[in-house]
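**Student:** There's a structure below that I have some questions on.
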Amino acid sequence: MDKQLSESEVLQLLMQAEEYEDALDVLHPEDAVKEDPTVFETFDTASSKLAIVVGHTQRSQGASGATPISTTEYIWNKQLAKHIKSIASSHNIGCKIFYRDGVGIVGAYKRVKIWEPDSCIELHFNAFNGQVIGTETLYGAYHPSKDWAEAIQQAIIKLYDRNPKSDRGIKQRKIGERGGKNVNQLDTIPSCLVEPYFGDVSSEAVLADDYLIDLAKAIVDTHINYFG
Ligand SMILES: [Zn+2]
């Protein structure tokens with residue numbers, strides 16, 4: 001390819017790749033992450049419930065992060081999800097982790113909906129040309145999600161001390177746009193998709209690693225401020 005692609009052209013290609021990967025996930029139901037039958041969880045006494053969707057799957061793991069992330073979105077964010085769950089549990093917040101493996105985006109969100117959480121967040125990180133940095137949060141067309149996305153975005157830009165340039169803001173996405181399928185599945189539950197940093201940039205990968213637990217804490221704190 002001899003012409004340099006614009007960011008929007010790359011986004012378009014990525015969306016097509018992710019559509020294809022999502023179709024592959026649905027074609028492989030054997031990939032589904034099984035719940036551990038030895039772990040019994042009850043959320044009866046939880047003061048509220050937070051659902052975490054891990055972006056991507058074992059089969060299609062998303063972008064690769066620079067050192068010290070040194071792994072893919074899927075592997076990195078599985079780790080982040082576990083930190084969120086443990087911090088949430090210590091605050092009596094019910095937290096369940098949902099995977100797209102074997103069920104695809106729609107299948108994962110169907111399961112989220114059945115669980116009836118108060119909020120939902122899907123974990124990713126961004127990657128482009130190794131130079132662009134910043135934080136952005138995506139949300140869909142349904143009413144309760146914009147304020148939730150804004151609250152999460154504010155918490156993350158505060159955590160990383162972002163400036164107006166690296167605060168890329170909240171972005172509404174329609175089905176057919178990148179991330180649009182993910183953020184338009186829950187009509188009554190506030191949901192958003194976070195891209196806290198560009199994992200392909202070294203300084204951002206350092207930020208991700210240094211503040212891994214703090215990011216988990218910021219997400220739980222935002223949920224608590226919002227839903228108690
Ligand atoms: Zn991603």
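**Student:** Please work out which one of (1) within 20 Å of I105 (Cα to Cα); (2) in a loop (DSSP other than H, G, I, E, B); (3) at pLDDT 95 or above is the condition N163 fails and give its number.
**Tutor:** Among (1) within 20 Å of I105 (Cα to Cα); (2) in a loop (DSSP other than H, G, I, E, B); (3) at pLDDT 95 or above, N163 violates only (1).
**Student:** Mind checking which residues of the range 39-95 are at pLDDT 95 or above, surrounded by fewer than 18 Cβ atoms within 10 Å (Cβ to Cβ) and of a type in the set (D, E, K, R)?
**Tutor:** R59, K82
**Student:** Suppose we keep only residues that are among the hydrophobic types (A, V, I, L, M, F, W, C), touching a Lys or Arg at 6+ places or on another chain (Cβ under 9 Å) and farther than 21 Å from H28 by Cα within the range 38-59. Which one would you say is farthest from the ligand (Cβ to nearest atom)?
**Tutor:** Taking the range 38-59 first, the residues among the hydrophobic types (A, V, I, L, M, F, W, C) are 39-40, 43, 46, 50-54.
Filter once more, so that each one left must be touching a Lys or Arg at 6+ places or on another chain (Cβ under 9 Å): 43, 50-54.
Still in the list and also farther than 21 Å from H28 by Cα: 43, 50-52.
Numbers: F43: 28, L50: 20, A51: 17, I52: 14 Å.
That would be F43.
**Student:** Taking the range 186-221 as the region of interest, how many residues are within 15 Å of the chain's Cα centre (by Cα), away from the ligand (no atom under 16 Å from the Cβ) and within 22 Å of K113 (Cβ to Cβ)?
**Tutor:** Total satisfying the criteria: 4.
**Student:** Mind checking which pairs have a first residue in the range 44-59 that is within 11 Å of I93 (Cβ to Cβ) and in a strand (DSSP E or B) and a second that is of a type in the set (G, A, S) and open to solvent by 10 Å² or more (accessible area, probe 1.4 Å), Cβ under 9 Å, 6 or more apart or different chains?
**Tutor:** S48/G228
**Student:** Take the residues in the range 113-159 that are of a type in the set (D, E), out of contact with any helix residue (DSSP H, G or I) (no Cβ under 7 Å at 6 or more places or on another chain) and outside any helix (DSSP H, G or I), then tell me which one is farthest from the ligand (Cβ to nearest atom). Quick ask: steps written out before the conclusion?
**Tutor:** Step one: list which residues in the range 113-159 are of a type in the set (D, E), which gives 116, 118, 122, 136, 147, 150.
If we keep only those that are out of contact with any helix residue (DSSP H, G or I) (no Cβ under 7 Å at 6 or more places or on another chain) too, we end up with 116, 136, 147, 150.
Going one step further and asking which of them are outside any helix (DSSP H, G or I), we end up with 116, 136.
Working: E116: 26, E136: 12 Å.
Taking the candidates together, the pick is E116.
**Student:** I need the full set of residues from the range 60-98 which are part of a strand (DSSP E or B), within 16 Å of the ligand (Cβ to nearest atom) and small (G, A, S), in order please.
**Tutor:** Residue satisfying the conditions is S64 alone.
**Student:** In addition: Is there a residue in the range 68-77 that is within 16 Å of L186 (Cβ to Cβ) and within 13 Å of the chain's Cα centre (by Cα)? So that I can check it myself, show each step before the final result.
**Tutor:** Pass one, the range 68-77, residues within 16 Å of L186 (Cβ to Cβ): none.
Among the residues of the range 68-77, not one is within 16 Å of L186 (Cβ to Cβ) and within 13 Å of the chain's Cα centre (by Cα), which makes the answer no.
**Student:** Given the structure, is I75 closer than 27 Å to C95 by Cβ, hydrophobic (A, V, I, L, M, F, W, C) and in contact with a strand residue (DSSP E or B) (Cβ under 6 Å, 6 or more places away or on another chain)?
**Tutor:** Numbers: closer than 27 Å to C95 by Cβ: yes; hydrophobic (A, V, I, L, M, F, W, C): yes; in contact with a strand residue (DSSP E or B) (Cβ under 6 Å, 6 or more places away or on another chain): no.
No, not satisfied.
**Student:** Hey, another quick one. Let me confirm something: among K171, K181, which residue is open to solvent by 10 Å² or more (accessible area, probe 1.4 Å), over 20 Å from W76 (Cβ atoms), in contact with a helix residue (DSSP H, G or I) (Cβ under 7 Å, 6 or more places away or on another chain) and within 16 Å of the ligand (Cβ to nearest atom)? Lay out the reasoning, then the answer.
**Tutor:** Values: K171 fails: in contact with a helix residue (DSSP H, G or I) (Cβ under 7 Å, 6 or more places away or on another chain).
Of the residues listed, the single one that is open to solvent by 10 Å² or more (accessible area, probe 1.4 Å), over 20 Å from W76 (Cβ atoms), in contact with a helix residue (DSSP H, G or I) (Cβ under 7 Å, 6 or more places away or on another chain) and within 16 Å of the ligand (Cβ to nearest atom) is K181.
**Student:** If you go through the range 1-30, how many residues are exposed (fewer than 10 other Cβ atoms within 10 Å of the Cβ) and small (G, A, S)? Steps first, answer last, please.
**Tutor:** Start the filter on the range 1-30 by keeping residues that are exposed (fewer than 10 other Cβ atoms within 10 Å of the Cβ), which leaves 1-4, 6, 8, 30.
After this cut, where a residue has to be small (G, A, S) as well, the list is 6, 8.
Residues flagged as exposed (fewer than 10 other Cβ atoms within 10 Å of the Cβ) and small (G, A, S) within the range 1-30 amount to 2.
**Student:** Give me a count of the residues in the range 27-58 that are over 17 Å from the mean Cα position of the chain (by Cα) and under 20 Å from A17 (Cα atoms).
**Tutor:** So the answer is 4.
The values are calculated or read from the model by the stated rules, or taken from the named source; none is laboratory data. Note that the structure is a prediction, hence the values are computed from the model and not measured. Heads up, the Cβs are rebuilt from the backbone with ideal geometry, glycines too, and the neighbour counts pull from every protein chain shown. These area figures cover heavy atoms from the full protein model, side chains too; ligands, DNA and RNA do not enter into them. Shrake-Rupley method; radii C 1.70, N 1.55, O 1.52, S 1.80 Å.
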